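J.: So that we are looking at the same thing, I have put the structure below in structure tokens.
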Amino acid sequence: MKQATTGIPAEETRRGLYREVGEKLQGLLAGEVDSIARMAGVVSVLHGAMPHYDWTGFYRVVGPELVIGPYQGTPGCARIGWGRGVCGAAWKSGESQVVADVHAFPGHIACDAASASEIVVPVKDANGRVVAVLDVDSVLPAAFDAVDAAALESLVAMYVSPDRGMC
Ligand code: SME
């Protein structure tokens, strides 16, 4: 697991970092139609850019489960059931989950004991159906807030959702 050494960037710095991530992805993913390749690009650029991220990856909806997709960090759990853990809650509710203390989240799945906080953002198709989730863990408590949620929602809508508007 990448150890966050520089802490959580201040709000304006974080907004700027997310803007830069979007600019990089626009170039990197231009013309790429394969969904796994697009997820891999998003994970790589985000994980490299954000100092408060320690595990960054996608889980894809495959039948009755979430199955792990492209990720960076320590080995993640391969499969997560409907409604299970933070990822399953995002899948079930269709809403982003911002968890300041994973140990206080009922049913949290601890893939890495060092993880302290987590954000999970659903990826939806044009009909609003959840097709995947983006999961980010941090070793820092309360590493994520509404700024991260809004930025990640917009990045996945633009670069990962099927039927996305651009690129
Ligand atoms: N903590 C997640 C499981 C996936 S790992 O963090 C990579 C959860 O509770 O859904």
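Rule-based calculations on the coordinates, nothing more; no lab input. The structure displayed is predicted, hence computed values, not measured ones. All Cβ positions, even for glycine, are placed from backbone atoms using ideal geometry, and neighbour counts span all protein chains on display.
J.: Give the long-range amide H neighbours of ALA116: residues separated by 5 or more places, or on another chain, with amide H under 5 Å away, using H modelled in the peptide plane at 1.01 Å from N.
T.: Result for ALA116 returns SER138, VAL139, LEU140.
J.: In addition: When a footprinting reagent is the concern and you count Cβ atoms within 10 Å, what order do LYS24, LYS92 take, fewest first? Write down the numbers at each step before the final one.
T.: Numbers: LYS24 17, LYS92 13.
With the sparsest Cβ surroundings first, the list reads LYS92, LYS24.
J.: Here's a follow-up. Name the long-range amide H neighbours of LYS124: under 5 Å, sequence gap of 5 or more, or other chain; modelled H, no Pro or chain starts.
T.: Correct list: VAL131.
J.: Under a plain spin-label model, where a point goes 7 Å from the Cα along Cα-to-Cβ, how far apart in nm are VAL33 and TRP82?
T.: That separation, rounded to one decimal, is 3.2 nm.
J.: Which shape class, rounded, prolate or oblate, goes with segment 11-164 when its Cα gyration tensor gives a ≥ b ≥ c as root eigenvalues, a/c under 1.5 marks rounded, and past that a/b bigger than b/c marks prolate?
T.: oblate
J.: Please report the relative contact order for the chain, taking Cα pairs under 8 Å with a sequence separation of at least 6, and give it as a percent rounded to a whole number. Don't jump to the answer; show the numbers that get you there.
T.: On the way: 333 pairs, mean separation 38.6, N = 167.
With pairs under 8 Å counted, the relative contact order is 23 percent.
J.: How large is the dipole of the chain about the Cα centre if only Lys and Arg carry +1 and Asp and Glu carry -1, each at its Cβ, rounded to the nearest 20 debye?
T.: 320
J.: What is the set of long-range amide H partners of TRP55 at a cut-off below 5 Å, with H atoms built 1.01 Å from backbone N?
T.: The answer is ASP137.
J.: Related question: How much net charge surrounds GLY107 when only other residues with a Cβ under 13 Å from its Cβ are counted (Lys, Arg +1; Asp, Glu -1)?
T.: Taking every Cβ under 13 Å from that of GLY107, the sum is +1.
J.: May I ask you to derive the FRET efficiency for ALA150 and GLU65 from their Cβ-Cβ distance with R0 = 41 Å, giving the value to the nearest 0.05?
T.: 0.90
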